[in-house]
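Quick notes on the structure that follows.
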């Protein structure tokens, strides 16, 4: 093999490698990316049961219930137009409270309850997940309109 | 006055950067005499940026509340260490630190790269000046850290408590030295393309920079991983958070570059490829900076930022990466081919290493940016996390670890594969470990395969030393052996802690006992306590395993400025792993939430990271020492 041919072979291999990376990534992303839904969308049945998704909205006032084991909570996540019951086993983040924004990561079960593996809340005064930023603003807007 | 002095230094440095570019890329008559002045300018520019950074740290140390940045991010009642380190615990300050290291890297390039031919060095310094100018502009026009607040604030707003940790002192500067140290490789590559001198001399000049930056990146990532592990209280050591990926991507590219640069230095092969990798590596650093600093991401690292800044960084990014790759496209065709090599040879194995690293880099890159693209295109919001990265990148990483067993045993140019017979024993050990893991351990196949491959690598890493006189083996070979062994150590830690971790989440009354793995943990009490700028509830846990009692005190802290609650985990490290405890919320009936983990061998993850960095340091030190001795003999 001449040097020139070797170089050609290397270039072809490099291009194939990049294509393989892209194909692997696309294959992996097809069923492993978790989409973000609002309570209205989930209540309307837009989210598939059993798929990993993220649910973002406001924790409804007066909805947090603590169960007997001391580590499981139930609450309702709403966005002004829809509501989804959520169950979560774990330590809630420090700024997780009623009438405040949160994102739950988990899966929708067949009975319509969202089973959360993880809950994210507003982090501190200056930091807020972008999803929540929009959500809170929309929620505020909805409230103002109602008045 | 202090703030104004810092600002003036920045303006002056920016003006010098312009001069540097003009001298380095000006008409031929200018370039002929430019070599000396450009070097001096680079050194002065580096000194000015260090001065500006020192001024910022000074106003933070004094808590000068007439400076906007201090008022927004600091507080007079903060411990001294966090006041000073708090200078980079915010957007503007951390960008200034970035630029300071960029300036320092340029100065160091001017001082230390004497062996490189003058034309290439001058062009490289010009490129470094061009990089610096853009980011000076970003600081001065979009992120001025020295802006005044009139009238001054009465009190500052405080620093995010999650950042008030010794980790803040080491993690950002270490990582930034790694990130930005790669700029030198980028500039050298651009310089060499401009002068069409891509050869083993370039590789030898570039290698210490890449090695140094790579060591710091490795340390920074390892330290960051441990910081997140104990500070966030989630018990995880890697979350595939976009910001973590932003530091992993330059590391992957730098690792590939580190290996291809050896081919270029030793055999004068892979010229175009090495130059391209050098450009990709720093491009990844810049993309990481964009991801973290533009506010497009949600993370502890993303400070409140307005979108204008994101656009500014994106424009800089597009310009530099675009310009570099245009230059590459124009010039790379003119590079002549290097010498050939056989299909079974050290070069071929290193090409394999590079391809796998590049594919992994591509997978991480696509996974990290996919949510941004999808949201821009369709408005759908989504996140890509561990399930994707583990499933797609994990097997490739293991394949790469297998290749690490093979590559160092092959000769340059071509090899009969004779030495590969030495791999039989390690391979048998690896297969045995996998078999044992499948029979005795819970968990996925990936972790089990990982454990087996780690066992094989742990032995084969030392095979390159077989048949050599150990005392006469060069330090760089020792460095390679130790770094490769470090990979095995890290892999064992990852696989074992993933499969064998025991977790208990419960609500307990004081006096109750909880069993987690081999540990019996007694929950004694909860009592209030206080620190310099926080109050806390502190649990007392007495953990025992057979004989002896260890006391752990996890806390739930409350900071007043800004008002924030954080959990402080308490960790007991023993030889076989870590007991990790977190105090949660009180339940109404007097019980407290407790989260306990027993994580066998988890410490090996960071120990391995430190070994990998140590291997790099040995290699760097060994080469520098030999260079010095050679210099003296002349």
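If you split all Cα-Cα distances of chain B into 20 Å bins from zero, what percentages do you get per bin, shortest first?
18, 48, 30, 4, 0
Using only the alpha carbons, work out the radius of gyration and Dmax of the range A:17-70 in angstrom.
Expressed in Å, the Cα Rg and Dmax of the range A:17-70 come to 17.5, 55.
Go ahead and estimate [θ] at 222 nm for chain B from helices alone: -39,500 (n - 2.57) per DSSP H run with n ≥ 4, summed, over the residue count, rounded to 500.
-22000 deg cm²/dmol
From the P(r) of the range B:443-485, could you give the percentage of C-alpha pairs in the tail past 12 Å?
63 percent
Using the Kirkwood radius built from alpha carbon pairs, what does the Stokes-Einstein equation give as D for the range B:348-430 at 20 °C and 1.002 mPa s, in µm² per second?
My calculation gives 140 µm²/s for D.
What Kirkwood radius, in Å to one decimal, follows from the Cα pairs of the range A:49-89?
Computed over Cα pairs of the range A:49-89, the Kirkwood hydrodynamic radius comes out at 11.2 Å.
Mind listing P(r) for the range B:1-54? All alpha-carbon pairs, 5 Å bins, whole percents.
Histogramming the range B:1-54 at 5 Å steps yields 4, 23, 26, 18, 13, 9, 6, 2, 0 percent.
R0 = 25 Å: FRET efficiency of residue A:20 with residue B:438, Cβ-based, nearest 0.05?
0.30
Using a cut-off of under 19 Å, list every residue of the range B:347-376 whose amide N is near the label point 7 Å from the Cα of residue A:27 along the Cα-to-beta-carbon line.
Hits in the range B:347-376 for residue A:27 at 19 Å: B:355-368.
For a footprinting-style exposure proxy, rank A:5, B:171 by other Cβ within 10 Å, fewest first.
Going from least to most buried by this count: A:5, B:171.
So, R0 is 41 Å and r is the distance between the beta-carbons of residue B:47 and residue B:391; what FRET efficiency does that work out to, to 0.05?
Computed FRET efficiency for residue B:47 and residue B:391 comes out at 0.25.
With each pseudo-label sitting 7 Å past Cα toward Cβ, what's the residue B:470-residue B:15 distance in nm, one decimal?
About 6.1 nm separates the two model spin labels.
Arrange B:441, B:286, A:23, A:77 by Cβ neighbour counts within 10 Å, fewest through most, would you?
Final ranking by Cβ density, sparse to dense: A:23, B:441, B:286, A:77.
How large is Rg over Rh for the range B:531-634, taking Rg from the Cα atoms and Rh as the Kirkwood inverse mean of 1/r across Cα pairs? Before the final figure, lay out the partial values.
Working: Rg = 22.6 Å, Rh = 17.7 Å.
Expressed as Rg/Rh, it is 1.28.
How high is the relative contact order of chain B, in percent, with contacts defined as C-alpha pairs under 8 Å that are six or more residues apart?
Working: 1153 pairs, mean separation 73.2, N = 634.
With pairs under 8 Å counted, the relative contact order is 12 percent.
Please report the relative contact order for the range B:34-90, taking Cα pairs under 8 Å with a sequence separation of at least 6, and give it as a percent rounded to a whole number. Display every interim value, and only then the final one.
Details: 32 pairs, mean separation 16.6, N = 57.
Over the range B:34-90, the number comes to 29 percent.
Over 13 Å apart: what share of the alpha carbon pairs of the range B:99-142 falls there, rounded to a whole percent?
54 percent
Report relative contact order for the range B:493-634 in percent, whole number only (criteria: Cα-Cα under 8 Å, sequence separation at least 6).
Worked out over the range B:493-634, it gives 23 percent.
Let me test this: with uniform point scatterers at the alpha carbons of the range B:196-348, what is the Debye-based log₁₀ I(q)/I(0) at q = 0.08, 0.12, 0.14 1/Å?
For the range B:196-348 at q = 0.08, 0.12, 0.14 Å⁻¹, log10 I(q)/I(0) is -0.30, -0.63, -0.81.
Send over the per residue convex hull volume for the range B:213-297, Cα only, as a whole number of Å³.
About 90 Å³ per residue, rounded to a whole number.
Provide the FRET efficiency to the nearest 0.05 for the residue A:65-residue B:315 pair, computing r from the beta carbons and using R0 = 41 Å.
Numbers: r = 50 Å, r/R0 = 1.23.
E between residue A:65 and residue B:315, to the nearest 0.05, is 0.25.
What does the extension gain come out to for residue B:149 and residue B:629, with contour length at 0.36 nm per residue minus their alpha carbon separation?
Using 0.36 nm per residue and subtracting the Cα-Cα distance, I get 167.3 nm.
P(r) for the protein assembly as shown, please, calculated from all Cα pair distances in 20 Å bins and given in %.
Bin by bin from 0 Å, the calculated values are 15, 46, 33, 6, 0.
Debye sum, Cα scatterers, the range B:299-414, no solvent: what log₁₀ I/I(0) at q = 0.22 1/Å?
The Debye formula, applied to the Cα set alone, gives -1.22.
From the P(r) of the range B:392-438, can you give the percent of Cα pairs sitting at distances over 14 Å? Before the final figure, lay out each step's value.
Details: 677 of 1081 pairs.
Summing the P(r) of the range B:392-438 above 14 Å gives 63 percent of all pairs.
When a footprinting reagent is the concern and you count Cβ atoms within 10 Å, what order do B:412, B:214, B:11 take, fewest first?
B:11, B:412, B:214
How large are Rg and Dmax for the range B:1-154 when calculated on the C-alpha trace, in angstrom?
Answer for the range B:1-154, Rg first and Dmax second: 17.3, 58 Å.
Rule-based calculations on the coordinates, nothing more; no lab input. Just so it is clear, the structure is predicted and the values come from calculations on it, not from any experiment. Don't worry about glycine lacking a Cβ; one is built from the backbone with ideal geometry, like all the others, and counts go over all protein chains shown.
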